[in-house]
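What follows is a single structure, written as structure tokens, with notes after it.
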Amino acid sequence: MATNIPADHPRARSLQTRERMKAAVEEGLVHMTGLIAHGRGEAFDYLLGEKTGPVATAATRKAAAVLLAAERPVLSLNGNVVALAAPELVTLAKAIPATLEVNLFHHTPERVRKLIQVVQDAGADRVLGDAPDMRIPGLASDRGPCHSDGIGGADVILVPLEDGDRCEALKKMGKTVITIDLNPLSRTAKTADVTICDELTRTVEHITTAVLETKAESGHLDRLRTAGVAAALLDWDNQANLRAARDEMIAVLREG
Ligand code: PTJ
């Protein structure tokens, strides 16, 4: 049964999101342990004051540039990501444009089918994930199987709320990895090429805005595509970005 959350409750947004996650577990979209992952994310978001700061904004702009410079960009979707931001991810995928692929840690064919349906209902024409034809080398978990015309063949992959093993395996395949992870200490955050240390729903909308602004600026998109992904990353130091994200959290902790 849905909980009554008064609109003027100081934490209404957070409580509504929890209700959405609870419903998504009941519908078989989010794995039970997805609630634990969500709670960890909430704790780190507190340390950011639950708002997007300048560090995340810079990473978001870099992510948009890298996605636009890519030849075969893919957005990887898991249960939490679909439950929290399916329409926003479809909008982003169309803006880039990028391929969408469901890839799960707690994999069952039924969950994959349900999640693909939710993303299609949100407006996606094509969502991969239900007919993998290759494996990510060296990845024993159920996240190994993927599509050769999706994650397997991608040059740039956005992997939000990720587990560290796959991020490392994708890097070993020579792919450029962008992640959205509120935890700046996670293996994924440390391994990715661009880490956006911010909340998923805020971030996806911000990347879309940055993508659309870049495309609207005369000549910018052509320059990015001509120069390529490596050039887009030349001025980017992800470890410095993570240090700055941790500093933002330390400042919130100090100031209370
Ligand atoms: O749907 P599945 O089966 O693929 O499983 C997905 C989960 C999320 C359960 C799985 O990937 C997992 O266990 O992830 P981890 O290892 O807990 O990592 C999730 C990371 O995302 C953690 O570092 C959290 O701090 C972070 N996180 C959680 N919620 C958000 C978030 N980051 C940004 N925005 C959020 N809303």
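The values are calculated or read from the model by the stated rules, or taken from the named source; none is laboratory data. If you're wondering where the values come from, they're calculated on a predicted model, not measured in any experiment. Note: ideal-geometry Cβ built from the backbone for every residue, glycine included; neighbour counts use all protein chains shown. Only protein heavy atoms, including side chains, enter the accessible area calculation; ligands, DNA and RNA are left aside. Shrake-Rupley method; radii C 1.70, N 1.55, O 1.52, S 1.80 Å.
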### Message
Criterion first (of a type outside the set (Lys, Arg) and touching a strand residue (DSSP E or B) at 6+ places or on another chain (Cβ under 8 Å)) does Val81 satisfy it?
### Response
no
### Query
From the list Leu233, Leu161, Leu200, Leu221, which residue is in contact (Cβ under 8 Å) with a residue 60 or more places away in the chain, open to solvent by 40 Å² or more (accessible area, probe 1.4 Å) and closer than 26 Å to Glu71 by Cβ?
Leu161
### Query
Taking only pairs six or more apart or across chains, which ones have beta-carbon atoms under 7 Å, a first residue in region 165-180 that is under 12 Å from Gly152 (Cβ atoms), and a second residue that is open to solvent by 10 Å² or more (accessible area, probe 1.4 Å) and among the small types (Gly, Ala, Ser)?
Ala169/Gly138
### Query
What number of residues within region 236-256 satisfy the criterion of being assigned to a loop (DSSP other than H, G, I, E, B) and without any contact (Cβ under 8 Å) to a residue 24 or more places away in the chain?
2
### Task
State the number of residues belonging to region 150-194 that are among the hydroxyl-bearing types (Ser, Thr, Tyr) and more than 9 Å from the ligand (Cβ to nearest atom).
2
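Of the residues Ala7, Ala12, Ala2, Ala24, only one is modelled with pLDDT under 95, over 21 Å from Asn241 (Cβ atoms) and open to solvent by less than 30 Å² (accessible area, probe 1.4 Å); which?
Just one listed residue meets the conditions, Ala12.
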### Query
If you check Asn183 against the conditions, is it surrounded by 14 or more Cβ atoms within 10 Å (Cβ to Cβ) and in contact with a strand residue (DSSP E or B) (Cβ under 7 Å, 6 or more places away or on another chain)?
no
### Positions within region 33-86 being among the β-branched types (Val, Ile, Thr) and more than 16 Å from the chain's Cα centre (by Cα), in sequence order
Thr33, Ile36, Val55
